[in-house]
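Asks: Sharing a structure with you now.
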Amino acid sequence: MTGLTLSPLSLALLALFGLAGGVGITAVGPGGVLPTIGMFLLTGLSPAGVAGTAIVTHIGTGALATAAYTRSGHLREPATRRIAATLSVAAVIGTPLGVLLNTVVSGEVFGVLLAVAVAVTGILVWVREHRARGSDETPKHVSPLVTGAVGLVVAVAAGMFGLGGPMLSVPLLVLCGLPVLTALAAAQAQSVVVAAIGTIGYLAHGTINWPLAVLVGVPELVGVLLGWKIAQAVPARRLKYALATALLLLAPYLAFHP
């Protein structure tokens, strides 16, 4: 790794974090945080190095997932396209703000804030699944103002931590009343914008470790494809509860990681 020396075990674990993140993106939803967690725990990179390198990996996964939802027809629906457009416009504004915030925080503060984001995501997944029980799945109208607010908050967090946007936007949009597939399709489109703008921002700061991005990003792409298979074979609710539990258990460790 350029300017970075890691043990074979650390390299293998990073690749596994990428693979698990890709599986989580398509099989569960909020899996895009795992590459960031892996890089933060294993590499010793600065906050900008962690976020910048992680966000690069989401360009490919976002594009692949967006193509899949376009092919399936979900992104061809006018209502879904309007939601995706609103989220994407919010990403243009919010992602640079997130990058800017990242560059002014210390490693300790970054770890605490990342722990909060991870814990919030875990809680959102639990709440979403609990509310889904017995729900009639009747979609509600979500105003552009609410959609834009969600998109802005998600974009700032994604830009700051190098996250996959859907990890936060999907549970938030579902809690607002959108159907899951609509939320997933629109969020994937937003994630491409977040990843592209975030990459440009961190590239300007010179903090992206490209060899590490490839090490994590290639398994992540494989995981995206594998996730579709897993989603068909394993009950989705069980997977989501497992990921939510793992995130809640990881959050305290991230907060106090040296």
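Every read-out reported here was derived from the displayed coordinates using simple, explicitly stated rules and does not represent laboratory data. Note that the coordinates shown come from a computational prediction; the quantities given were computed from them, not determined experimentally. Methodologically, a virtual Cβ is constructed for each residue, glycine included, from the backbone with ideal geometry; neighbour enumeration extends over all protein chains shown.
Asks: Helix 166-176 versus the longest principal axis of the chain: what angle, 0 to 90°, nearest 10, using Cα atoms?
Replies: Helix 166-176 sits roughly 30 degrees off the main axis of the chain.
Asks: Relative contact order for the chain: what is it in percent, counting Cα pairs under 8 Å that are at least 6 residues apart? Let's see the in-between values first.
Replies: On the way: 447 pairs, mean separation 104.4, N = 258.
Here the relative contact order equals 40 percent.
Asks: Considering only GLY223, SER143, GLY32, whose Cα is most displaced toward the positive end of the charge dipole of the chain, charges sitting on Cβ of Lys, Arg (+1) and Asp, Glu (-1)?
Replies: Of the listed residues, the answer is SER143.
Asks: Work out, step by step, the length gained on full extension between ALA85 and ALA204: first 0.36 nm times the residue separation, then minus their alpha carbon distance; give nm to one decimal.
Replies: Full extension from ALA85 to ALA204 adds 40.3 nm.
Asks: Moving on to the next point. Report the Stokes-Einstein translational diffusion coefficient (µm² s⁻¹, integer) for segment 1-133, Rh taken as the Kirkwood radius over Cα pairs, at 25 °C with viscosity 0.890 mPa s.
Replies: Working: Rh = 16.7 Å.
Rounded to a whole number, D works out at 147 µm²/s.
Asks: Report the per residue volume, in Å³, of the convex hull enclosing the C-alpha atoms of segment 37-94.
Replies: 90 Å³
Asks: Using only Cα atoms, find the angle between the long axis of helix 236-256 and the longest principal axis of the chain, and express it within 0 to 90 degrees, rounded to the nearest 10.
Replies: The answer is roughly 40 degrees.
Asks: Suppose every K and R has +1 on its Cβ and every D and E has -1 on its Cβ; what is the size of the dipole of the chain about the Cα centre, in Debye to the nearest 20? Could you put the intermediate results ahead of the total?
Replies: Working: 12 positive and 6 negative charges, 117 e Å.
I would put it at about 560 debye.
Asks: Let me ask something else about it. May I ask for the angle, rounded to the nearest 10°, between helix 210-233 and the longest principal axis of the chain, with both axes built from Cα atoms and the value confined to 0 to 90°?
Replies: Compared with the principal axis, the helix lies near 30 degrees.
Asks: Largest first and in whole Å, give the semi-axes of the chain's equivalent ellipsoid, each being the square root of 5 times a Cα gyration tensor eigenvalue.
Replies: 27, 19, 17
Asks: Separate question: Considering the zone a paramagnetic label at CYS176 would reach in this model (a point 7 Å from Cα along the Cα-to-Cβ line), which residues of segment 41-82 have amide N under 16 Å from it?
Replies: What the label zone holds, given the 16 Å backbone N cut-off, is 79-82.
Asks: For the chain, what is the calculated [θ] at 222 nm in deg cm²/dmol (nearest 500), taking -39500 (n - 2.57) for each run of four or more DSSP H residues and dividing by its residue count? Spell out each step's value before the answer.
Replies: On the way: 10 runs with 207 residues, N = 258.
Result for the chain, helices only: -28000 deg cm²/dmol.
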